[in-house]
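Just below is one structure, and these are the notes that go with it.
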Amino acid sequence: MLCPYFMEDAFMRFSKMLIPTMRESPSDAETVSHKLMMRAGYVRQFAAGLYVFLPLGWHVLNKINKILEEEMNSIGAQEISMPILHPADIWQKTGRWHEIKEEMFRLKDRTERDMCLGMTHEEVIAWLASKEIRSYRDLPQIWYQIQTKLRDEARPKSGVLRTREFTMKDSYSLDADEEALDKSYKLHADAYHRILRRCGLKFYQVMSDPGMMGGATAHEFMAPSPAGEDRIELCDECGYTANVEIASSVSPPTKEIEGEYEEVYTPGKKTIKEVSDFLNAELPHFIKSLLFIANEEPVLVLIRGDQRLHEKKLEKIIGLCRAASEEEVLSILGVEAGFIGPMKHRLRILSDNSLAHGTYIAGANRVDYHIKGIRPDIHFKAEWHDLHTVKEGDTCPECNSLIKIEKVIEVGNIFKLGTKYSVLLNAVFLDKSGSERPIVMGSYGIGPARIAAAAIEQNHDKDGIIWPKSIAPFDVEIIPLNVNDTATMEVAELLYRGLKDNNIGVLMDDRDERPGVKFKDADLIGIPLHIILGTHALKDDQIEIKKRRTKEIKKVPIKYAIKEIISAVYETE
RNA sequence: CGGGGCGUAGCGCAGCCUGGCUAGCGCACCUGCCUUGGGCGCAGGGGGUCGGAGGUUCAAAUCCUCUCGCCCCGACCA
């Protein structure tokens with residue numbers, strides 16, 4: 001080695017590292033984490049949804065990945081690495097080649113063979129299992145990787161929160177039966193709790209939609225943040241938590257209103273709002289009637305006036321569907337859209353549960369008229385389902401307490417896949433009785449970059465990032481205020497060596513910059529502890545230990561400095 | 001994919017509507033001096049295909065057409 005001192009050192013000296021901080025954030029950064037990651041020099045945008053991680057950002061990802069590996073290994077998972085480039089046939093076998101549309105990057109190799117870039121690796125795992133798993137004695141297995149995924153997102157956004165290329169820790173469990181799957185699932189859920197807690201995140205585990213994964217049970221790990229794209233329903237009382245995509249709720253009951261079944265004249269009043277103003281009746285007293293077309297067949301869908309239809313819930317019942325056009329409404333129901341009511345139709349009618357009792361107002365199926373005093377089961381019949389979108393003010397489906405809705409970032413998810421992939425790719429084993437059975441699979445993902453971004457969203461102030469200690473790029477930053485002062489630099493080097501020797505991650509701001517610049521950058525970058533070496537304290541043979549989060553400063557004598565700093569590292573969150 | 005916005009120096013922006021001198025400002029950068037506890041001061045300096053192509057015009061950053069890119073809202077999201 002020609003120059004070991006310098007080589008090793010360069011990674012921790014500000015003057016040698018690529019840390020391009022910016023005074024202003026680029027105008028196309030919107031969310032807090034995006035702005036701060038740009039300004040503090042963690043990432044640079046390469047193209048829409050594609051980011052370069054600079055040294056600081058890469059340090060953070062590696063810290064997170066290390067935690068992921070430790071916790072995965074602790075549940076007996078084995079790390080492997082699978083290709084990103086996949087031949088199409090395996091995806092054709094599971095049907096996802098056609099099910100997934102523009103979101104999958106597709107290409108051809110030189111022999112014109114269809115290929116794609118992996119969005120996820122269920123297919124590859126099932127292929128591998130089909131080759132290598134023979135007997136129940138080979139089970140259970142948990143295989144994982146920390147690998148790049150590619151998805152041609154319709155809309156990349158919010159910095160590294162939604163990108164087209166990202167790394168994911170994805171693991172897959174292989175089990176002999178459902179019961180064993182439950183155990184693997186639980187192991188992962190517990191591991192994910194430990195991972196996210198160690199990363200310093202506030203988070204919830206919520207029930208989620210298995211979606212295209214084709215499984216039955218699924219949960220997501222959600223970090224609350226205004227930058228989140230998802231919303232969840234929470235019940236503080238009984239602990240019910242669910243993504244609003246599948247959440248149910250009880251709409252607050254309405255006061256019973258008096259009144260006989262009678263037609264009222266409502267000239268030109270088409271929307272629920274217009275009619276409610278006109279008749280001076282509240283929204284919950286209305287029935288909203290919506291016509292949908294599923295499989296060429298019309299279906300009338302009823303929800304309460306204050307509710308919003310949840311189309312996914314509807315599709316679970318009637319399959320793929322679409323709203324009928326105005327012309328279709330006219331030709332099928334014989335009345336224009338503003339005046340539809342649920343009475344006297346022959347078609348299939350689905351109604352939200354909340355309309356099962358009470359008296360309502362709805363269209364009269366006649367232009368410019370509505371009808372009051374409509375009672376379910378008497379004036380119309382319907383199939384009763386949960387069809388509304390949950391909203392603030394609703395109550396919990398389990399315990400009827402008031403629910404909360406929060407915006408969240410999805411940082412992880414776990415799915416019970418069952419045997420869908422193993423059946424289609426022939427991943428089977430012989431059980432104790434010697435009969436062939438498909439392997440029962442589970443799939444579990446967690447996104448390091450999203451963890452980092454969520455950590456920033458949850459831990460920052462007006463001056464910059466405040467990293468949780470566990471995922472900060474360094475443990476401490478030494479800030480010698482005047483690098484031209486020999487006494488200052490002697491102490492700086494002393495501390496720098498001493499901390500490094502104790503395996504503390506140190507960044508030393510050895511730049512010849514003014515104190516203000518260093519303080520500003522240190523706050524921006526967000527390393528949890530700052531060691532300030534300035535004339536204030538040095539003349540008393542002291543240094544200052546400053547906590548980034550609280551800005552609280554403690555002066556300690558130089559001779560105890562290393563010990564004090566180390567214990568400060570340990571007590572910082 | 002629908003709607004909206006924006007591309008002028010590394011970053012943030014002005015100029016464009018109403019075409020006209022050498023395209024401007026702040027920060028950053030380089031040199032020198034000065035300064036050293038919260039983005040310091042003074043002096044000097046470098047850096048631009050005005051996103052791209054075509055058109056109109058004596059003349060285009062500015063007007064017109066096409067195109068590319070990026071952001072936001074929505075749809076979508078294993």
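The values are calculated or read from the model by the stated rules, or taken from the named source; none is laboratory data. Because the structure is a prediction, the values reported are computed rather than measured. When we count neighbours, we look across all protein chains shown, and the Cβ atoms used for this are built from the backbone with ideal geometry, even at glycine.
Counting residues in segment A:23-35 that are within 15 Å of RNA strand B (Cβ to nearest atom), over 15 Å from A:M168 (Cα atoms), β-branched (V, I, T) and outside any strand (DSSP E or B) gives one or more. Counting only strands (runs of 3 or more DSSP E) that sit wholly inside segment A:94-204, those with at least 1 residues that are within 16 Å of the chain's Cα centre (by Cα) and among the β-branched types (V, I, T) are A:165-175.
If you filter segment A:465-487 down to residues that are modelled with pLDDT of 95 or more and of a type in the set (D, E), you find that the one that is nearest to RNA strand B (Cβ to nearest atom) is A:E477. One residue stands out among those in segment A:395-417 that are part of a loop (DSSP other than H, G, I, E, B) and within 24 Å of the chain's Cα centre (by Cα): the one that is nearest to RNA strand B (Cβ to nearest atom), which is A:I403. Restricted to segment A:42-64, and to residues that are more than 10 Å from RNA strand B (Cβ to nearest atom) and not in a helix (DSSP H, G or I), which residue is surrounded by the most Cβ atoms within 10 Å (Cβ to Cβ)? Of everything passing the filter in segment A:42-64, A:Y42 is surrounded by the most Cβ atoms within 10 Å (Cβ to Cβ).
Note on segment A:151-174: residues that are touching a strand residue (DSSP E or B) at 6+ places or on another chain (Cβ under 8 Å), farther than 15 Å from A:I84 by Cβ, near RNA strand B (Cβ under 8 Å from one of its atoms) and not small (G, A, S) total 3. Residues that are of a type outside the set (D, E, K, R) and within 16 Å of RNA strand B (Cβ to nearest atom) occur in segment A:369-387; there is at least one. Within this structure, A:P267 fails the test of being within 25 Å of A:E233 (Cα to Cα) and surrounded by fewer than 13 Cβ atoms within 10 Å (Cβ to Cβ).
Annotation: of all residues in segment A:499-543 being near RNA strand B (Cβ under 8 Å from one of its atoms) and free of Cβ contacts under 8 Å to residues at least 24 places away in the same chain, the one that is nearest to A:I471 (Cα to Cα) is A:V517.
Residue-level check: of (1) buried (at least 21 other Cβ atoms within 10 Å of the Cβ); (2) away from RNA strand B (no atom under 13 Å from the Cβ), A:W91 misses just (2). Here A:N62 meets the list (1) touching a residue at least 24 places away in the same chain (Cβ under 8 Å); (2) under 26 Å from A:G200 (Cα atoms); (3) polar (S, T, N, Q) almost entirely, failing just condition (1).
Among the residues of segment A:65-106, those identified as without any contact (Cβ under 8 Å) to a residue 60 or more places away in the chain and among the acidic types (D, E) are A:E70, A:D89, A:E102, A:E103. A:D182 meets the conditions (1) surrounded by fewer than 22 Cβ atoms within 10 Å (Cβ to Cβ); (2) under 22 Å from A:L234 (Cα atoms) in every case but one. The failed one is (2). Any residue at all in segment A:237-254 that is within 14 Å of RNA strand B (Cβ to nearest atom), surrounded by fewer than 21 Cβ atoms within 10 Å (Cβ to Cβ) and part of a helix (DSSP H, G or I)? The answer is no; no qualifying residue exists.
Within segment A:273-328, the set of residues being farther than 26 Å from A:A247 by Cβ and either within 31 Å of the chain's Cα centre (by Cα) or hydrophobic (A, V, I, L, M, F, W, C) (or both) comprises A:V275, A:F278, A:L279, A:A281, A:I293, A:A324. Being over 21 Å from A:V60 (Cβ atoms), near RNA strand B (Cβ under 10 Å from one of its atoms) and surrounded by fewer than 20 Cβ atoms within 10 Å (Cβ to Cβ) is a condition met by at least one residue of segment A:555-569. For segment A:458-497, the set of residues classified as assigned to a helix (DSSP H, G or I), in contact with a strand residue (DSSP E or B) (Cβ under 8 Å, 6 or more places away or on another chain) and closer than 19 Å to A:D540 by Cα consists of A:T488, A:M489, A:V491, A:A492, A:L495, listed by residue number. Does segment A:204-216 include one or more residues that are crowded, with 21+ Cβ neighbours inside 10 Å and closer than 30 Å to A:E573 by Cα? Yes, the conditions are met somewhere in segment A:204-216.
Note on segment A:431-490: residues that are small (G, A, S), more than 28 Å from A:R549 (Cα to Cα) and buried (at least 18 other Cβ atoms within 10 Å of the Cβ) total 3.
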